[in-house]
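Coordinate-derived values only; no laboratory data. Source: prediction; values computed, not measured. Here the Cβ is made from the backbone with ideal geometry for all residues, glycine too, and neighbour counts use every protein chain on show.
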Amino acid sequence: MANRRYPSDLTDNERELLEPHLPAPKKRGRPRLHSPRDILDAVFYVLKSGCQWRMLPREFPPWKTVFHYFRRWRIDGICERMNRLLRGRLREKLGREPELSAGIVDAHSP
């Protein structure tokens, strides 16, 4: 993607990896005005920068639209599935098993 606006924007490869996990547009009702890629770029911008939703730059879709999709995807488990996919890919790249095999809980921490 030659026209990346921000470091948090998705590359073409990242988009191709994540797009199949996003819900397809509904056949009925109002058509989408914003692409899933633009929504994801905006969500990653908020998560990376730590800015408030209302402070999204104007290059992104309206903050209410971005927050609506983020909230819907989070409730539907889509964010968790994408995170699991990315974590597995990273672990494989590091030469580990894709799934976690153990966890540690420290009961002495405050």
All other residues with a Cβ under 11 Å from the Cβ of R84 taken together, and with Lys, Arg as +1 and Asp, Glu as -1, what is their net charge?
-> +2
What list of ³J(HN,Hα) couplings, whole Hz, do you get for the stretch 83-91 from phi and the Karplus terms 6.51, -1.76, 1.60, once you set θ to phi - 60° and write x for glycine and proline?
-> 5, 4, 4, 5, 4, x, 4, 5, 4
For the stretch 31-40, Karplus-derived ³J(HN,Hα) couplings (6.51, -1.76, 1.60; θ = phi - 60°; whole Hz; x for glycine and proline) come out as x, 5, 9, 10, 6, x, 5, 5, 5, 4
Once both labels are modelled 7 Å past Cα along the beta-carbon direction, what's the E92-F44 spacing in nm?
-> 1.9 nm
Longest principal axis of the chain (C-alpha) makes with the long axis of helix 63-75 (C-alpha) an angle, in degrees to the nearest 10, of 40 degrees
Using a basic spin-label model with each label point 7 Å from the Cα along Cα→Cβ, how many nm lie between L85 and D12?
-> 1.9 nm
Mind ranking 22-35, 61-74, 83-96 by how tightly packed they are, going by the mean number of other C-beta atoms within 10 angstrom, highest first?
-> 61-74, 83-96, 22-35
From the coordinates shown, Rg/Rh (Cα atoms, Kirkwood Rh) corresponds to which of [x] 0.95; [y] 1.03; [z] 1.10 | [y]
Any idea how far apart I104 and R30 come out in nm if each label point goes 7 Å out from Cα toward Cβ?
-> 5.0 nm
